[in-house]
1. In this structure, is SER34 of a type in the set (Gly, Ala, Ser), surrounded by fewer than 20 Cβ atoms within 10 Å (Cβ to Cβ), on the phi < 0 side of the Ramachandran plot and modelled with pLDDT of 95 or more?
2. If you check VAL48 against the conditions, is it without any contact (Cβ under 8 Å) to a residue 60 or more places away in the chain, of a type in the set (A, V, I, L, M) and either within 23 Å of GLU193 (Cα to Cα) or surrounded by fewer than 24 Cβ atoms within 10 Å (Cβ to Cβ) (or both)?
3. Would the range 161-174 turn up any residue that is at pLDDT 90 or above, in contact with a Leu (Cβ under 8 Å, 6 or more places away or on another chain) and hydroxyl-bearing (Ser, Thr, Tyr)?
4. I'm checking my understanding of the structure. Among residues of the range 160-172 that are closer than 15 Å to MET131 by Cβ and touching a strand residue (DSSP E or B) at 6+ places or on another chain (Cβ under 7 Å), which one is surrounded by the fewest Cβ atoms within 10 Å (Cβ to Cβ)?
5. Restricting to the range 98-122, give me the number of residues that are at pLDDT 95 or above and hydrophobic (A, V, I, L, M, F, W, C).
6. Just to check your reading of the model, which residue among ILE14, ILE68, ILE64, ILE24 is among the hydrophobic types (A, V, I, L, M, F, W, C) and in contact with a strand residue (DSSP E or B) (Cβ under 7 Å, 6 or more places away or on another chain)?
7. Hey, can you tell me all the residues within the range 175-209 that are part of a helix (DSSP H, G or I) and not small (Gly, Ala, Ser)?
8. Can you report the number of residues in the range 51-74 which are out of contact with any Ser or Thr (no Cβ under 9 Å at 6 or more places or on another chain), in a loop (DSSP other than H, G, I, E, B) and crowded, with 17+ Cβ neighbours inside 10 Å?
Amino acid sequence: MKKISIIDYGLCNIFNVVEAFKHIGCDVIVTDESDKIKNADYLVLPGVGAFQNGMNGLNEKHLIEPIISYVEQSKPFLGICLGMQMMMSSSSEFGEALGLNLISGNVNKIPNKMENRKHKIPHIGWNNLIMNDIDIKKIFATTRRTYPVYFVHSYMASCDDPADCIAYTDYNGLKIPAIVKKYNAIGCQFHPEKSGHVGLDLLKNFIEM
């Protein structure tokens with residue numbers, strides 16, 4: 001049974017993430033302890049809310065160094081929603097703030113217009129994933145014709161290296177990075193724990209990394 005460690009830093013909707021991993025047969029622990037984070041087998045950083053608050057939460061619990069130390073061991077890491085955004089170098093949400101810098105890039109507000117068309121912000125609801133020149137079997141445990149997943153966010157990441165963005169979603173003509181990956185660190189802008197079978201497929205593949 002795979003053991004999944006989920007980081008608790010005060011800005012997490014942990015229950016649904018825990019239940020999703022249990023559903024696929026994992027042993028789950030929720031922790032804010034440095035040693036348990038550094039020595040985890042599989043590490044997950046979920047999150048909802050503002051970037052600065054998330055980074056402040058990690059900093060107050062002295063968890064930034066343990067997370068970076070864990071990732072430097074090339075062990076599997078998954079960031080979800082805000083957790084994915086905090087993997088980036090920085091964010092402009094409520095002023096400039098530094099992130100974990102696991103993937104080089106920035107987080108900025110989704111523009112409220114595309115080609116003179118307004119979009120609703122936040123981006124909420126189901127939207128399909130579109131892969132960027134990669135075998136979809138490397139990301140999902142099974143192959144499907146469509147990959148609908150559930151989003152809730154007002155800010156979006158952008159990668160300095162386009163190769164780090166392996167999937168995006170089309171939101172009224174705007175390409176929003178939906179899955180980012182650098183070595184064994186992967187981030188999902190959507191909520192796999194709320195994305196039905198597609199989300200569970202991604203979690204199953206994550207625990208096989």
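The values are calculated or read from the model by the stated rules, or taken from the named source; none is laboratory data. None of these values were measured; they are calculated from a predicted model. Every residue, glycine among them, receives a Cβ derived from its backbone with ideal geometry; neighbour counts consider all protein chains shown.
1. So SER34 passes the test.
2. No; evaluated as a whole, the condition is false for this residue.
3. Yes - at least one qualifying residue is present in the range 161-174.
4. Looking at residues that are closer than 15 Å to MET131 by Cβ and touching a strand residue (DSSP E or B) at 6+ places or on another chain (Cβ under 7 Å), I get ASP170.
5. Within the range 98-122, residues that are at pLDDT 95 or above and hydrophobic (A, V, I, L, M, F, W, C) number 5.
6. Values: ILE68 fails: in contact with a strand residue (DSSP E or B) (Cβ under 7 Å, 6 or more places away or on another chain); ILE64 fails: in contact with a strand residue (DSSP E or B) (Cβ under 7 Å, 6 or more places away or on another chain); ILE24 fails: in contact with a strand residue (DSSP E or B) (Cβ under 7 Å, 6 or more places away or on another chain).
Exactly one residue qualifies, and that residue is ILE14.
7. PRO192, GLU193, LYS194, HIS197, VAL198, LEU200, ASP201, LEU202, LEU203, LYS204, ASN205, PHE206
8. Adding up the residues that qualify gives 0.
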